[in-house]
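J.: Submitted below is the structure of interest, expressed as structure tokens.
What follows draws every value from the coordinates through simple rules; no lab data is involved. Keep in mind that what you see is a predicted model, and the values were worked out from it rather than measured. Neighbour counts run over all protein chains shown; Cβ positions are idealised from the backbone, glycine included.
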Amino acid sequence: MKLQPSKKLIYLDNAATTPLEPLVLKSMIPYLATQFGNPSSLHKQGINARSALEESREIIAKVLNCGNREVVFTAGGTEAINLAWLGICPPPYQGGVRGGSTPHAITTTIEHHAVLACAEEFERQGGKATYLDTDSEGFVTVEQVLKAVKSNTRLISIMYANNEIGTIQDIAKIGRAVAQLNVERLKKKLPAIIFHTDAAQAAGSLDLNIHKLNVDLLTATASKFYGPKQVGFLYKRTGINLHPIVFGGGQEAGLRSGTENVAGAVGMATALELAYKDLDKNNKKITELRNYFIQKVLNEFKSAKLNGPTGDSRLPNNINFTFPGIEGETLVLYLDSFNIAASTGSACSTVETNPSHVLRAIGLSEDNAKSSVRFSLSKSTTKTEIDYTLKALKHIFTII
Ligand SMILES: *Cc1c(COP(=O)(O)O)cnc(C)c1O
């Protein structure tokens, strides 16, 4: 039996990045073409660019239920995370407190490399970090977080939803506990702990209302919600002081210097607004397809195992399987030959040959971690595409 490759690309790697939505591209074009002004200029071109930038900020602030000034534009998710982590306790040469009073931060073992690498840099600059272990589905508990707090803890950084196994943390519950703890700390004259969440995978799928989430800092990137790449934002609660990591003309209230990416900000705002307009409808559809795919694979491939949780505490679009005995990378390449795009986990780890740190952290053996594949769906994924993917998987297993 021979199976023809799909004529159309079946893109199941939306956790790595999403395609640019046509309406988003359309909203950006004027600011790449005729409306090219610098928002800091005094003439009409500048004023137009400024108002487009500020309207975009307002649209994003509405989704987050926060003030406009609490939204800081950055060049993507990684940069926003760097600003959160390294801006909280600047090193001594920036007037910060290192050495004598070592700042302490708490995070988890399953964070994205953008967070883990910041934690390492934070430690190199004199801080100390605690990495919380998760359970076998990727969850941390409020009790674990509170137990790790020390008098010198300054930052808690826990991802909203995991990019590899789709685990959705109870950020609201952790946020409430941290806020309560801060009341006690204030009485003892201890510095307040700042709570950050990396919402890169959550933005566009889950509730971003910062009042419900009880977060001080939240970071996201447009490239994961059908917007352009290298555009993101940091939500920063009023009153939280951050030190910049990029210096220059003082744009973004001094937090992110450099001429603003107006077209990018406009695209991001359009994308976010679109995502939240049809959120429930899209999530319902994607979740049904996800569950269908998971059931089929578990029924038809007896040795396959699902990684991560099931039900509502899993991202609607995330699927991650271990197929013992087969290298994940081999499977991804075979799928590609059928015009199906999947992934072995996080896109950023393609440069490293180590098995996924997330799968290892939830207890998979090195071999099983290497034998895992992630399928991440989008709002335009169809049942026909999933059925073809199942067919291709079956076919591949007969030939390898
Ligand atoms: C994609 C992603 C990032 C990094 O965002 P970039 O825009 O690629 O810098 C950070 N955290 C998570 C969970 C992600 O999925």
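J.: When we measure straight from the Cα of Lys305, which lysines land under 22 angstrom away, once same-chain ones fewer than 8 places off are left out?
T.: Excluding near neighbours in sequence, the set is Lys296, Lys370, Lys383, Lys391, Lys394.
J.: Could you pull out every residue, at least 5 positions away or on a different chain, whose amide H is within less than 5 Å of the one on Lys128? Hs are placed 1.01 Å off N in the peptide plane, and Pro or chain starts have none.
T.: Amide H neighbours of Lys128, under 5 Å, 5+ apart: His104, Ala105.
J.: Oh, and also: Explain nothing, just the number: dipole magnitude of the chain about its Cα centre with +1 on each Lys and Arg Cβ and -1 on each Asp and Glu Cβ, in debye rounded to the nearest 20.
T.: Numbers: 43 positive and 37 negative charges, 119 e Å.
Roughly 580 debye, rounded to the nearest 20.
J.: For Ala341 and Ile29, compute 0.36 nm times the residue count separating them, minus their Cα-Cα distance, and round to one decimal in nm.
T.: 109.5 nm
J.: Excluding same-chain residues fewer than 8 positions from Lys212, which aspartates and glutamates have a Cα within less than 14 Å of its Cα?
T.: Asp170
J.: Amide H to amide H under 5 Å from Phe195: which residues, 5+ apart in sequence or cross-chain, H placed 1.01 Å off N in plane?
T.: Here the answer is Ile156, Asp216, Leu217, since their amide H atoms fall under 5 Å of that of Phe195.
J.: Return the single residue from Asp216, Asp13, Asp312 with maximal mean-square fluctuation; model: Gaussian network over the chain, springs between Cα atoms under 10 Å.
T.: Among Asp216, Asp13, Asp312, the largest mean-square fluctuation in the Gaussian network model of the chain belongs to Asp312.
J.: Let me ask something else about it. In nm, to one decimal, how far is the Lys188 label point from the Glu366 one, both placed 7 Å along Cα→Cβ?
T.: Placing both labels 7 Å beyond Cα along the Cβ direction yields 4.2 nm.
J.: Highest mean first, what order results for 359-366, 373-380, 177-184 on Cβ atoms within 10 Å?
T.: Descending packing order for the listed peptides: 373-380, 359-366, 177-184.
J.: If you don't mind, another one. Filter Lys229/Lys281; Lys236/Lys277; Lys147/Lys173; Lys173/Lys302; Lys147/Lys188; Lys2/Lys281 down to the pairs with a C-alpha to C-alpha distance above 27 Å, please.
T.: Among Lys229/Lys281; Lys236/Lys277; Lys147/Lys173; Lys173/Lys302; Lys147/Lys188; Lys2/Lys281, the Cα-Cα distance tops 27 Å for Lys173/Lys302; Lys2/Lys281.
J.: Right, another one. Go through Ile319, Ser343, Ser365 and say which Cα lies farthest out towards the positive end of the charge dipole of segment 276-400; charges sit on Cβ, +1 for Lys and Arg, -1 for Asp and Glu.
T.: Ile319
J.: Per the helix-only calculation at 222 nm, which mean residue ellipticity applies to the chain, given -39500 (n - 2.57) for every DSSP H run of n ≥ 4 and division by its residues, nearest 500 deg cm²/dmol? Numbers along the way, then the final one.
T.: Values: 13 runs with 159 residues, N = 400.
Result for the chain, helices only: -12500 deg cm²/dmol.
J.: Go ahead and set up a Gaussian network model of the chain, Cα springs under 10 Å, then flag whichever of Lys173, Lys236, Lys370 fluctuates most.
T.: Among Lys173, Lys236, Lys370, the largest mean-square fluctuation in the Gaussian network model of the chain belongs to Lys173.
J.: Another one. Could you tell me the ratio Rg/Rh of the chain? Both radii from Cα atoms, Rh via Kirkwood. Working shown, then result.
T.: Values: Rg = 21.8 Å, Rh = 22.1 Å.
Using Cα coordinates only, the ratio equals 0.99.
J.: Next up: Calculate the FRET efficiency for Phe36 and Ser101 from the Cβ-Cβ distance with a Förster distance of 60 Å, rounded to the nearest 0.05.
T.: Once rounded, the FRET efficiency stands at 0.80.
J.: How long is the gain from Lys277 to Thr398 if the chain were fully straight, where each residue apart is worth 0.36 nm and the alpha carbon distance is subtracted?
T.: Gain on stretching Lys277 to Thr398: 39.2 nm.
J.: List every DSSP H helix in the chain whose Cα atoms extend 18 Å or more along the helix's own long axis and whose mean Kyte-Doolittle hydropathy is at least 0.5.
T.: The qualifying helices are 262-277.
J.: Once you have the Cα-Cα distance between Lys305 and His243, take 0.36 nm times their residue separation minus that, and quote the gain in nm to one decimal. Working shown, then result.
T.: On the way: separation 62, 0.36 × 62 = 22.32 nm, distance 4.46 nm.
Additional length available on full extension: 17.9 nm.
J.: Right, another one. How far apart, in nm, are the 7 Å Cα→Cβ label points at Asn209 and Glu121?
T.: Label at Asn209, label at Glu121, 3.4 nm between them.
J.: Taking 7 Å along the Cα-to-C-beta vector as the label spot, tell me the Arg176-Leu3 distance in nanometres, rounded to one decimal.
T.: Here the modelled spin labels are 4.6 nm apart.
J.: I need the phi-derived Karplus couplings for segment 370-375: 6.51 cos²θ - 1.76 cosθ + 1.60, θ = phi - 60°, integer Hz, Gly and Pro marked x.
T.: Per residue, the Karplus-derived 3J(HN,Hα) values read 6, 9, 10, 9, 9, 10 Hz.
J.: If you add up the charges near Gly250, with Lys and Arg at +1 and Asp and Glu at -1, over every other residue whose beta carbon is less than 15 angstrom from its beta carbon, what do you get?
T.: Details: positive: Arg50, Arg69, Arg256; negative: Glu252, Glu260.
The answer is +1.
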